[in-house]
Amino acid sequence: MTQTAHGVEFTQQPSANPKSAEERAAILANPGFGNHFTDHTAIVDYSVDENGKGGWHNARIEAYGPIVLDPSAAVFHYGQEIFEGLKAYRHADGSIWTFRPEANAARLNKSARRLALPELPAEYFLGAIRVLVAIDKEWVPAGEGEALYLRPFMIATEAFLGVRAAREVSFRVIASPAGNYFGGELKPVSIWISREYARAGRGGTGDAKCGGNYAASLIAQQEAEANGCKQVLFLDQFNDNAVEELGGMNVFFVMKDGSLVTPALTGTILEGITRMSVIQVAKDMGREVTERKITLDEWRDGVASGDIAEVFACGTAAVITPIGVLKDATEFIGSEDAKAGETTMAIREQLLGIQTGTVPDTHGWLTRLA
């Protein structure tokens, strides 16, 4: 059995033990985030032949399950791994759509170049998502704020211990039904300032979406959670404590004149797809958006003076989340009683409306999957 998508032929070996309709319904009633996975996975292999020519091949759909790898596989020892995140949304008519997948495909290849992994032609990326969602379309939830989270990733699978780029690689896509990332009613979150740790450095992998960046952020995230915060803020301590990003989200400031400011991309900040979209949506609303350096001092002073009216974070998983308090052992910026700002919510509702089909998609950002 085969299916062709975006010019790529995928062989299909459906799962022999898919979840029953009752089991699936129980999961979709309270999916959480990243706790459950659909019945299948999409896979494409890469290898280099004896003449040194590399190529992608063996595109397929298989049952979701463990990956068998040699203990010396390069991903375990040298961290050659990258990933993406995007969502599939069920619209009111039952159709299923995703948001700006071409941008995710392009960013995956940017990450691949930085991690010395082979670039993946966009048709494989888009085809894998389309075929996987088609076979697992019953897993796409329909509740408010819910979606099917798609996780494309690429790992170095070659078995060897020499320090060089791997010549065997696997690209895969898995999918997980997802509810609201921070759960329940949308409320401003508290953010912990990381004074000791950095998630990336200049010349490093900060603008690549690779596991190592997230591994480097986890100790600071643990510190945040121990202090009652949902996320951690990283600063550039060698650049006037310039604001960079959260553990997995970009930051925006709404100024008192209604304009927006977000940290400029410096090579240490991930270029978020949601970040790009927020900038465009804000401009569509007639708001000025500036990408520039903004420091912790400016954040503190701006909140105190009223020059900064609202602060929010954005990313694929949570979309847009208002920030109420920024704190550490000595700082407390903002208010625990803060309400979600009007501008923050207006941008969030517009962006979610486009994604879920209730607001016109004037930029052609949506791609139908099923």
Would it be correct to say that residue 92 is of a type in the set (A, V, I, L, M), within 29 Å of residue 358 (Cβ to Cβ) and open to solvent by 30 Å² or more (accessible area, probe 1.4 Å)?
yes
Residues being among the small types (Gly, Ala, Ser) and part of a strand (DSSP E or B): count how many of those fall in region 231-263.
1
Filter region 282-291 down to the residues that are crowded, with 17+ Cβ neighbours inside 10 Å and of a type in the set (D, E, K, R) and list them by number.
287
Restricting the search to region 184-197, which residues are assigned to a loop (DSSP other than H, G, I, E, B) and modelled with pLDDT of 90 or more?
188, 195, 196, 197
Quick check on region 17-29. Is at least one of its residues outside any helix (DSSP H, G or I), modelled with pLDDT of 95 or more, touching a strand residue (DSSP E or B) at 6+ places or on another chain (Cβ under 6 Å) and open to solvent by less than 40 Å² (accessible area, probe 1.4 Å)?
no
May I ask you to list the residues in region 341-370 that are open to solvent by 40 Å² or more (accessible area, probe 1.4 Å) and assigned to a loop (DSSP other than H, G, I, E, B)?
357, 358, 360, 361, 362, 363, 364
What are the residues in region 134-178 that are without any contact (Cβ under 8 Å) to a residue 60 or more places away in the chain and either more than 25 Å from residue 31 (Cβ to Cβ) or charged (D, E, K, R) (or both), if any?
144, 162, 164
Answer residue from region 179-192, given it is of a type outside the set (Phe, Trp, Tyr) and buried (at least 23 other Cβ atoms within 10 Å of the Cβ) and is farthest from residue 26 (Cα to Cα) among those
191
Mind counting the residues in region 249-267 that are out of contact with any Gly (no Cβ under 9 Å at 6 or more places or on another chain) and open to solvent by 10 Å² or more (accessible area, probe 1.4 Å)?
4
Here are some residues: 44, 68. Which one is buried (at least 19 other Cβ atoms within 10 Å of the Cβ), farther than 30 Å from residue 360 by Cα and at pLDDT 95 or above?
44
For region 40-145, which fully contained strands (runs of 3 or more DSSP E) count at least 1 residues that are under 23 Å from the mean Cα position of the chain (by Cα) and closer than 27 Å to residue 272 by Cβ?
40-48, 81-83, 86-90, 96-99
Among the residues that make up region 294-301, is at least one of them of a type in the set (A, V, I, L, M), touching a strand residue (DSSP E or B) at 6+ places or on another chain (Cβ under 9 Å) and under 16 Å from residue 320 (Cβ atoms)?
no
Please find, among 199, 195, 172, the residue that is charged (D, E, K, R), in contact with a Ser or Thr (Cβ under 7 Å, 6 or more places away or on another chain) and farther than 22 Å from residue 100 by Cβ.
199
Please state which of the following conditions residue 131 fails to meet, knowing it meets all the rest: (1) open to solvent by 10 Å² or more (accessible area, probe 1.4 Å); (2) farther than 23 Å from residue 54 by Cα; (3) out of contact with any helix residue (DSSP H, G or I) (no Cβ under 9 Å at 6 or more places or on another chain).
(1)
Starting from region 244-255, take each residue that is in contact (Cβ under 8 Å) with a residue 12 or more places away in the chain and list its partners that are assigned to a strand (DSSP E or B) and among the charged types (D, E, K, R), counting only C-beta distances under 7 angstrom and pairs at least six apart or across chains.
244/236; 251/245; 254/310
Going through region 219-233 in order, the residues found to be in contact with a helix residue (DSSP H, G or I) (Cβ under 7 Å, 6 or more places away or on another chain) and either without any contact (Cβ under 8 Å) to a residue 60 or more places away in the chain or surrounded by fewer than 21 Cβ atoms within 10 Å (Cβ to Cβ) (or both) are 232
Condition check: crowded, with 19+ Cβ neighbours inside 10 Å and assigned to a loop (DSSP other than H, G, I, E, B). Does residue 216 satisfy that?
no
Unmet criterion (only one of (1) open to solvent by 30 Å² or more (accessible area, probe 1.4 Å); (2) more than 30 Å from residue 119 (Cα to Cα)) for residue 159
(2)
Across region 292-340, which residue is farthest from residue 186 (Cα to Cα) among those that are buried (at least 18 other Cβ atoms within 10 Å of the Cβ) and of a type in the set (S, T, N, Q)?
316
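The values are calculated or read from the model by the stated rules, or taken from the named source; none is laboratory data. Computed from a predicted model, the values in this text were never measured in an experiment. Don't worry about glycine lacking a Cβ; one is built from the backbone with ideal geometry, like all the others, and counts go over all protein chains shown. The area values use the complete protein model at the heavy-atom level, side chains included, leaving out ligands, DNA and RNA. Shrake-Rupley method; radii C 1.70, N 1.55, O 1.52, S 1.80 Å.
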